[in-house]
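Below is one structure; the comments refer to it alone.
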Protein chains: 2
Amino acid sequence: MPWDLKSDRPIYTQLVEQIKLMVFSGTYPPGSKLPSVRDMAQEAAVNPNTMQRALAKLEEDGLIITHRTSGRSITEDASMIELAKTKLAQDQIFEFLEKMRLMGFDQKEILTIITTMAKELK
Amino acid sequence: MPWDLKSDRPIYTQLVEQIKLMVFSGTYPPGSKLPSVRDMAQEAAVNPNTMQRALAKLEEDGLIITHRTSGRSITEDASMIELAKTKLAQDQIFEFLEKMRLMGFDQKEILTIITTMAKELK
DNA sequence: ATTATTGTATTAAGCGCTTAATACAATAAT
DNA sequence: ATTATTGTATTAAGCGCTTAATACAATAAT
(Lines give C-alpha, C1' and ligand atoms only; values in the text may rest on other atoms or scores of the structure.)
Protein backbone atom coordinates (compact mmCIF):
# COMPACT_ATOMS: atom_id res chain seq x y z
CA MET A 1 0.00 0.00 0.00
CA PRO A 2 1.92 3.06 -1.26
CA TRP A 3 1.62 6.04 1.04
CA ASP A 4 -0.25 9.19 0.18
CA LEU A 5 2.46 11.42 -1.25
CA LYS A 6 1.90 14.70 -3.08
CA SER A 7 4.29 16.34 -5.50
CA ASP A 8 4.09 19.82 -3.99
CA ARG A 9 6.68 19.13 -1.32
CA PRO A 10 9.84 17.01 -1.07
CA ILE A 11 8.94 13.37 -0.48
CA TYR A 12 11.27 12.88 2.43
CA THR A 13 9.59 15.63 4.46
CA GLN A 14 6.25 13.98 3.84
CA LEU A 15 7.66 10.67 5.00
CA VAL A 16 8.92 12.34 8.17
CA GLU A 17 5.47 13.77 8.78
CA GLN A 18 3.60 10.54 8.20
CA ILE A 19 5.95 8.47 10.34
CA LYS A 20 5.58 11.07 13.08
CA LEU A 21 1.82 10.71 12.91
CA MET A 22 2.14 6.94 13.23
CA VAL A 23 4.36 7.31 16.26
CA PHE A 24 2.01 9.83 17.88
CA SER A 25 -1.04 7.69 17.28
CA GLY A 26 0.60 4.61 18.79
CA THR A 27 0.96 2.62 15.58
CA TYR A 28 4.61 2.40 16.61
CA PRO A 29 4.62 2.50 20.44
CA PRO A 30 7.62 3.74 22.47
CA GLY A 31 10.48 1.24 22.31
CA SER A 32 8.99 -0.75 19.45
CA LYS A 33 11.07 -1.88 16.50
CA LEU A 34 10.71 -0.30 13.07
CA PRO A 35 10.82 -2.27 9.83
CA SER A 36 14.12 -2.08 7.94
CA VAL A 37 14.87 0.87 5.67
CA ARG A 38 14.40 -1.34 2.65
CA ASP A 39 11.06 -2.66 3.85
CA MET A 40 9.73 0.76 4.75
CA ALA A 41 10.89 2.11 1.42
CA GLN A 42 9.08 -0.64 -0.44
CA GLU A 43 5.98 -0.16 1.69
CA ALA A 44 5.91 3.55 0.89
CA ALA A 45 6.94 2.96 -2.72
CA VAL A 46 9.98 5.22 -2.57
CA ASN A 47 13.69 4.75 -3.03
CA PRO A 48 15.56 3.38 0.03
CA ASN A 49 17.80 6.45 -0.05
CA THR A 50 14.78 8.70 0.37
CA MET A 51 13.41 6.67 3.27
CA GLN A 52 16.87 6.64 4.82
CA ARG A 53 16.89 10.40 4.66
CA ALA A 54 13.55 10.65 6.43
CA LEU A 55 14.62 8.25 9.15
CA ALA A 56 17.88 10.13 9.64
CA LYS A 57 15.87 13.30 10.20
CA LEU A 58 13.66 11.57 12.76
CA GLU A 59 16.75 10.29 14.54
CA GLU A 60 18.19 13.79 14.53
CA ASP A 61 14.99 14.91 16.27
CA GLY A 62 15.46 12.19 18.87
CA LEU A 63 12.26 10.35 18.06
CA ILE A 64 14.03 7.29 16.71
CA ILE A 65 17.13 5.36 17.75
CA THR A 66 19.43 3.48 15.39
CA HIS A 67 21.05 0.19 16.43
CA ARG A 68 23.87 -0.26 14.00
CA THR A 69 23.00 -3.69 12.63
CA SER A 70 19.75 -4.62 14.29
CA GLY A 71 17.56 -1.91 12.86
CA ARG A 72 15.85 1.10 14.38
CA SER A 73 13.35 1.57 17.17
CA ILE A 74 11.14 4.28 18.58
CA THR A 75 12.54 6.09 21.62
CA GLU A 76 11.52 4.69 25.01
CA ASP A 77 10.91 8.21 26.25
CA ALA A 78 7.11 8.35 26.17
CA SER A 79 6.93 11.82 27.71
CA MET A 80 9.17 13.15 24.97
CA ILE A 81 6.85 11.72 22.35
CA GLU A 82 3.89 13.29 24.12
CA LEU A 83 5.69 16.62 24.14
CA ALA A 84 6.46 16.46 20.42
CA LYS A 85 2.86 15.49 19.72
CA THR A 86 1.51 18.47 21.64
CA LYS A 87 3.93 20.80 19.92
CA LEU A 88 2.96 19.56 16.47
CA ALA A 89 -0.71 20.02 17.32
CA GLN A 90 -0.16 23.57 18.54
CA ASP A 91 1.94 24.46 15.50
CA GLN A 92 -0.84 23.17 13.25
CA ILE A 93 -3.47 25.18 15.05
CA PHE A 94 -1.40 28.33 15.11
CA GLU A 95 -0.64 28.11 11.41
CA PHE A 96 -4.28 27.46 10.66
CA LEU A 97 -5.59 30.34 12.78
CA GLU A 98 -3.04 32.70 11.29
CA LYS A 99 -4.08 31.81 7.77
CA MET A 100 -7.75 32.25 8.60
CA ARG A 101 -6.99 35.60 10.19
CA LEU A 102 -5.12 36.72 7.06
CA MET A 103 -8.13 35.72 5.02
CA GLY A 104 -10.26 38.08 7.05
CA PHE A 105 -12.19 35.69 9.26
CA ASP A 106 -12.72 36.74 12.87
CA GLN A 107 -12.59 34.38 15.84
CA LYS A 108 -16.30 33.88 16.09
CA GLU A 109 -16.60 32.84 12.44
CA ILE A 110 -13.65 30.48 12.72
CA LEU A 111 -15.11 28.68 15.71
CA THR A 112 -18.49 28.38 14.04
CA ILE A 113 -17.02 26.89 10.88
CA ILE A 114 -14.76 24.44 12.63
CA THR A 115 -17.39 23.14 15.04
CA THR A 116 -19.75 22.64 12.13
CA MET A 117 -17.18 20.71 10.13
CA ALA A 118 -16.02 18.69 13.14
CA LYS A 119 -19.56 17.49 13.68
CA GLU A 120 -20.01 16.64 10.03
CA LEU A 121 -17.03 14.31 10.20
CA LYS A 122 -19.02 12.40 12.86
CA MET B 1 9.64 44.31 2.58
CA PRO B 2 10.46 40.77 1.32
CA TRP B 3 7.64 38.30 1.83
CA ASP B 4 7.76 35.44 4.28
CA LEU B 5 9.00 32.55 2.16
CA LYS B 6 10.16 29.16 3.46
CA SER B 7 12.43 26.74 1.66
CA ASP B 8 10.31 23.65 2.24
CA ARG B 9 8.04 24.27 -0.73
CA PRO B 10 8.44 25.78 -4.20
CA ILE B 11 8.46 29.57 -3.97
CA TYR B 12 5.89 30.09 -6.68
CA THR B 13 3.27 28.06 -4.80
CA GLN B 14 3.87 30.16 -1.72
CA LEU B 15 3.44 33.31 -3.80
CA VAL B 16 0.15 31.97 -5.12
CA GLU B 17 -1.00 31.30 -1.58
CA GLN B 18 -0.02 34.69 -0.21
CA ILE B 19 -1.54 36.60 -3.09
CA LYS B 20 -4.74 34.60 -2.64
CA LEU B 21 -4.84 35.59 1.02
CA MET B 22 -4.45 39.24 0.05
CA VAL B 23 -7.31 38.96 -2.41
CA PHE B 24 -9.54 37.20 0.10
CA SER B 25 -8.82 39.73 2.81
CA GLY B 26 -9.61 42.66 0.54
CA THR B 27 -6.08 44.02 0.24
CA TYR B 28 -6.75 43.77 -3.49
CA PRO B 29 -10.52 44.25 -3.94
CA PRO B 30 -12.47 42.82 -6.90
CA GLY B 31 -11.60 44.71 -10.09
CA SER B 32 -8.57 46.45 -8.63
CA LYS B 33 -5.31 46.69 -10.50
CA LEU B 34 -2.25 44.68 -9.50
CA PRO B 35 1.28 46.06 -9.56
CA SER B 36 3.40 44.97 -12.54
CA VAL B 37 5.17 41.60 -12.52
CA ARG B 38 8.48 43.35 -12.08
CA ASP B 39 7.25 45.44 -9.17
CA MET B 40 5.64 42.51 -7.40
CA ALA B 41 8.77 40.44 -7.93
CA GLN B 42 10.92 43.14 -6.39
CA GLU B 43 8.48 43.58 -3.53
CA ALA B 44 8.60 39.87 -2.74
CA ALA B 45 12.33 39.69 -3.45
CA VAL B 46 12.04 36.96 -6.06
CA ASN B 47 12.91 36.66 -9.73
CA PRO B 48 10.32 38.14 -12.14
CA ASN B 49 10.03 34.75 -13.84
CA THR B 50 8.98 33.18 -10.56
CA MET B 51 6.37 35.85 -9.88
CA GLN B 52 5.16 35.51 -13.45
CA ARG B 53 4.63 31.84 -12.84
CA ALA B 54 2.57 32.48 -9.72
CA LEU B 55 0.42 35.04 -11.49
CA ALA B 56 -0.11 32.71 -14.44
CA LYS B 57 -1.41 30.09 -12.01
CA LEU B 58 -3.80 32.58 -10.43
CA GLU B 59 -5.05 33.55 -13.86
CA GLU B 60 -5.55 29.89 -14.69
CA ASP B 61 -7.72 29.66 -11.58
CA GLY B 62 -9.75 32.64 -12.80
CA LEU B 63 -8.90 34.86 -9.87
CA ILE B 64 -6.88 37.29 -11.95
CA ILE B 65 -7.28 38.77 -15.41
CA THR B 66 -4.44 39.82 -17.71
CA HIS B 67 -4.76 42.89 -19.95
CA ARG B 68 -2.05 42.44 -22.52
CA THR B 69 -0.14 45.67 -22.06
CA SER B 70 -1.88 47.43 -19.22
CA GLY B 71 -1.18 44.96 -16.46
CA ARG B 72 -3.34 42.62 -14.46
CA SER B 73 -6.38 43.06 -12.26
CA ILE B 74 -8.45 41.04 -9.82
CA THR B 75 -11.63 39.53 -11.23
CA GLU B 76 -14.81 41.63 -10.85
CA ASP B 77 -16.70 38.52 -9.83
CA ALA B 78 -16.97 39.05 -6.07
CA SER B 79 -19.11 35.98 -5.50
CA MET B 80 -16.48 33.83 -7.17
CA ILE B 81 -13.85 35.22 -4.83
CA GLU B 82 -16.11 34.52 -1.89
CA LEU B 83 -16.55 30.96 -3.10
CA ALA B 84 -12.82 30.38 -3.47
CA LYS B 85 -12.30 31.86 -0.02
CA THR B 86 -14.80 29.51 1.57
CA LYS B 87 -13.32 26.55 -0.24
CA LEU B 88 -9.79 27.37 0.91
CA ALA B 89 -11.04 27.74 4.48
CA GLN B 90 -12.81 24.38 4.37
CA ASP B 91 -9.80 22.66 2.82
CA GLN B 92 -7.61 24.04 5.57
CA ILE B 93 -9.96 22.83 8.27
CA PHE B 94 -10.39 19.42 6.74
CA GLU B 95 -6.67 18.92 6.39
CA PHE B 96 -6.13 20.06 9.94
CA LEU B 97 -8.84 17.85 11.43
CA GLU B 98 -7.57 14.86 9.48
CA LYS B 99 -4.05 15.36 10.77
CA MET B 100 -5.27 15.70 14.34
CA ARG B 101 -7.35 12.58 13.96
CA LEU B 102 -4.34 10.63 12.65
CA MET B 103 -2.41 11.81 15.69
CA GLY B 104 -5.01 10.23 17.90
CA PHE B 105 -6.93 13.25 19.16
CA ASP B 106 -10.69 12.90 19.43
CA GLN B 107 -13.19 15.65 18.54
CA LYS B 108 -13.66 16.83 22.09
CA GLU B 109 -9.93 17.30 22.66
CA ILE B 110 -9.52 19.12 19.36
CA LEU B 111 -12.28 21.59 20.14
CA THR B 112 -10.90 22.20 23.61
CA ILE B 113 -7.38 22.87 22.32
CA ILE B 114 -8.45 25.14 19.50
CA THR B 115 -10.83 27.26 21.58
CA THR B 116 -8.11 27.68 24.18
CA MET B 117 -5.58 28.80 21.59
CA ALA B 118 -8.04 31.03 19.77
CA LYS B 119 -8.70 32.89 22.99
CA GLU B 120 -5.02 33.22 23.76
CA LEU B 121 -4.48 35.01 20.47
CA LYS B 122 -6.96 37.60 21.80
C1' DA C 1 31.43 -21.15 10.59
C1' DT C 2 28.37 -19.57 7.19
C1' DT C 3 24.57 -16.79 5.64
C1' DA C 4 21.32 -13.25 5.71
C1' DT C 5 20.11 -8.82 7.27
C1' DT C 6 21.23 -4.40 9.09
C1' DG C 7 22.48 0.61 8.21
C1' DT C 8 25.36 3.17 5.32
C1' DA C 9 27.97 5.21 1.34
C1' DT C 10 28.93 6.38 -3.50
C1' DT C 11 28.22 7.54 -8.30
C1' DA C 12 25.54 8.95 -12.19
C1' DA C 13 21.52 10.48 -14.23
C1' DG C 14 17.19 13.05 -14.72
C1' DC C 15 13.97 16.30 -13.15
C1' DG C 16 11.76 20.68 -11.55
C1' DC C 17 12.62 25.14 -9.40
C1' DT C 18 15.01 29.47 -9.35
C1' DT C 19 17.88 32.96 -10.90
C1' DA C 20 20.20 36.02 -14.26
C1' DA C 21 20.59 38.24 -18.49
C1' DT C 22 18.32 39.50 -22.51
C1' DA C 23 15.05 40.46 -25.96
C1' DC C 24 10.57 41.44 -28.20
C1' DA C 25 5.78 43.11 -29.43
C1' DA C 26 1.95 45.79 -27.96
C1' DT C 27 0.27 49.83 -26.22
C1' DA C 28 -0.33 53.35 -22.57
C1' DA C 29 1.74 57.68 -21.36
C1' DT C 30 4.13 61.77 -22.73
C1' DA D 1 5.72 60.78 -32.83
C1' DT D 2 8.50 59.25 -29.20
C1' DT D 3 9.21 56.99 -24.86
C1' DA D 4 8.21 54.15 -21.13
C1' DT D 5 5.79 50.30 -19.42
C1' DT D 6 3.31 46.12 -19.98
C1' DG D 7 3.37 40.89 -20.30
C1' DT D 8 5.99 37.42 -22.38
C1' DA D 9 9.74 34.32 -24.13
C1' DT D 10 14.37 32.25 -24.34
C1' DT D 11 18.80 30.46 -22.90
C1' DA D 12 22.12 28.97 -19.61
C1' DA D 13 23.53 27.89 -15.17
C1' DG D 14 23.19 26.08 -10.46
C1' DC D 15 20.81 23.76 -6.97
C1' DG D 16 18.26 20.17 -4.27
C1' DC D 17 15.45 16.05 -4.65
C1' DT D 18 14.79 11.43 -6.30
C1' DT D 19 15.95 7.27 -8.34
C1' DA D 20 18.87 3.32 -9.74
C1' DA D 21 22.63 0.42 -9.27
C1' DT D 22 26.14 -1.06 -6.41
C1' DA D 23 29.08 -1.98 -2.66
C1' DC D 24 30.73 -2.50 2.14
C1' DA D 25 31.23 -3.43 7.25
C1' DA D 26 28.97 -5.11 11.28
C1' DT D 27 26.39 -8.45 13.37
C1' DA D 28 22.14 -11.18 14.08
C1' DA D 29 20.38 -15.56 12.64
C1' DT D 30 21.23 -20.17 11.19
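The values are calculated or read from the model by the stated rules, or taken from the named source; none is laboratory data. No experiment lies behind these values; they were computed from the predicted model shown. Neighbour counts run over all protein chains shown; Cβ positions are idealised from the backbone, glycine included. Heads up: the accessible areas ignore ligands, DNA and RNA and are worked out on the full protein's heavy atoms, side chains in. Shrake-Rupley method; radii C 1.70, N 1.55, O 1.52, S 1.80 Å.
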- For the range A:67-117 the trypsin sites (Lys or Arg not before Pro) that pass both the DSSP coil test and the at-most-14 other-Cβ-within-10 Å test are A:Arg68
- Averaged over the residues of A:103-109, the number of partner chain Cβ atoms within 10 Å of each residue's own Cβ comes to 4
- For chain A, calculate the relative contact order in percent as a whole number, restricting contacts to Cα pairs under 8 Å that are 6 or more residues apart. 23
- Message: Greater than 24 Å separation of Cα atoms is the criterion. Which listed pairs, A:Lys20/A:Lys119; A:Lys33/A:Lys57; A:Lys85/B:Lys20; A:Lys108/B:Lys57; A:Lys119/B:Lys119, meet it?
- Response: A:Lys20/A:Lys119; A:Lys85/B:Lys20; A:Lys108/B:Lys57
- Sorted list, accessible surface of protein heavy atoms, 1.4 Å probe, largest first, for B:Met80, B:Met103 is B:Met80, B:Met103
- Query: When the accessible area of the range B:79-120 is split by element with a 1.4 Å probe, what percent falls to carbon and sulfur?
  - Reply: 59
- Rounded, prolate or oblate: which one fits the range B:79-120, using the alpha carbon gyration tensor with axes a ≥ b ≥ c (rounded when a/c is under 1.5, else prolate when a/b beats b/c, else oblate)? oblate
- How would B:Ser73, B:Ser79 line up by accessible area, probe 1.4 Å, largest first? B:Ser79, B:Ser73
- Item | Accessible surface, per residue, of the protein assembly as shown when the full set of protein chains is kept, probe 1.4 Å, Å² | 59
- How big a patch of accessible area, both sides summed and in Å² to the nearest 100, lies buried between A and B at a 1.4 Å probe? 3200
